[in-house]
Amino acid sequence: MSEKQAQFATLYKKIILDDKGYMNEELNELFDDILVNEFENNPEIMSTFIQSIVDENIEREPSELEKLKLENELLRQEMTLTQEALLEISDMILSR
């Protein structure tokens, strides 16, 4: 990532993503400069670049598989605690 791209990414994150603002003059100038001089006036490359900034800075919803893995792990932990509690109760009853 070039210095201008890094500067654009920082400003875009702060102004657009964090503050929910709009493109200001400095951001527009950087946009035009990067588009023309670094991306050879190719709007698809610029769009991909901006999407990468958004993807890096927006929390994404976990996938269904990730949700199931998390639920599975929580259930395993709960089952382990339940088993330990049952063993303690059994020991208490049998020691009387």
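What nm distance separates the two modelled labels at GLU61 and THR48, each placed 7 Å from Cα along Cα→Cβ?
It works out to 2.7 nm between the two label points.
Between the helical axis of 3-12 and the dominant principal axis of the chain, each derived from Cα atoms, what acute angle in degrees is found, rounded to the nearest 10?
The angle comes out near 60 degrees.
Rank these residues by their accessible area, most exposed first, probe 1.4 Å: VAL36, VAL54. Please report the intermediate quantities before stating the final value.
Numbers: VAL36 80, VAL54 35 Å².
Largest accessible area first, the list is VAL36, VAL54.
Only Cα pairs within less than 10 Å get springs; with that Gaussian network setup on the chain, which residue of MET79, MET46, MET23 has the largest fluctuation?
MET79
Per DSSP H run of n ≥ 4, the term is -39500 (n - 2.57); total these for the chain, divide by its residue number, and report the mean residue ellipticity at 222 nm rounded to 500 deg cm²/dmol.
On the way: 4 runs with 65 residues, N = 96.
-22500 deg cm²/dmol, from helical runs alone.
Please give every one of the lysines within straight-line cross-link reach of LYS14, meaning a C-alpha to C-alpha distance under 26 Å, and leave out same-chain neighbours fewer than 8 residues apart.
LYS4
Within the range 1-31, which trypsin sites (Lys or Arg not before Pro) sit in a loop by DSSP and count at most 16 neighbouring Cβ atoms inside 10 Å? Could the numbers behind the result be given before it?
On the way: sites: LYS4, LYS13, LYS14, LYS20; in loops: LYS20.
Taking the range 1-31 and a limit of 16 other Cβ atoms within 10 Å, the loop trypsin sites (Lys or Arg not before Pro) found are LYS20.
Taking the Cα centre of the chain as origin, work out the dipole magnitude from +1 charges on Lys and Arg Cβ and -1 charges on Asp and Glu Cβ, in debye rounded to 20.
On the way: 9 positive and 23 negative charges, 100 e Å.
Roughly 480 debye, rounded to the nearest 20.
Order the following by accessible area, largest value first: LEU30, LEU75. Probe radius 1.4 Å; ligands, DNA and RNA are ignored. Write out the running numbers ahead of the final one.
Numbers: LEU30 20, LEU75 95 Å².
Accessible-area ranking of LEU30, LEU75, largest first: LEU75, LEU30.
Expressed as a whole percentage, what fraction of the accessible surface of the range 4-96 belongs to carbon and sulfur atoms when a 1.4 Å probe is rolled over the protein heavy atoms? Each step should come with its number before you reach the end.
Numbers: 4190 of 7610 Å².
Of the solvent-accessible surface of the range 4-96, carbon and sulfur hold 55 percent.
Can you give the accessible area of ASP19, probe radius 1.4 Å, in Å² rounded to 10?
90 Å²
Could you give the alpha-carbon Rg of the range 12-96 over 2.2 N^0.38 Å, rounded to two decimals? Write down the numbers at each step before the final one.
Numbers: Rg = 26.6 Å, N = 85, 2.2 N^0.38 = 11.9 Å.
That works out to 2.24 for the range 12-96.
How far, in degrees from 0 to 90, does helix 43-57 lean away from the longest principal axis of the Cα atoms of the chain, to the nearest 10?
With both axes taken from Cα atoms, the answer is about 30 degrees.
Which FRET efficiency value, to the nearest 0.05, is calculated for LEU94 and LEU74 with the Förster distance at 25 angstrom and r the Cβ-Cβ distance? Each step should come with its number before you reach the end.
Values: r = 31 Å, r/R0 = 1.22.
Efficiency at R0 = 25 Å is approximately 0.25.
Among VAL36, GLN51, THR82, whose Cα projects farthest towards the positive end of the dipole of the chain, with charges put on the beta-carbon of Lys, Arg (+1) and Asp, Glu (-1)?
The residue sitting most towards the positive pole is THR82.
The values are calculated or read from the model by the stated rules, or taken from the named source; none is laboratory data. If you're wondering where the values come from, they're calculated on a predicted model, not measured in any experiment. Methodologically, a virtual Cβ is constructed for each residue, glycine included, from the backbone with ideal geometry; neighbour enumeration extends over all protein chains shown. For accessibility, only protein heavy atoms count, side chains too; no ligands or nucleic acids. Shrake-Rupley method; radii C 1.70, N 1.55, O 1.52, S 1.80 Å.
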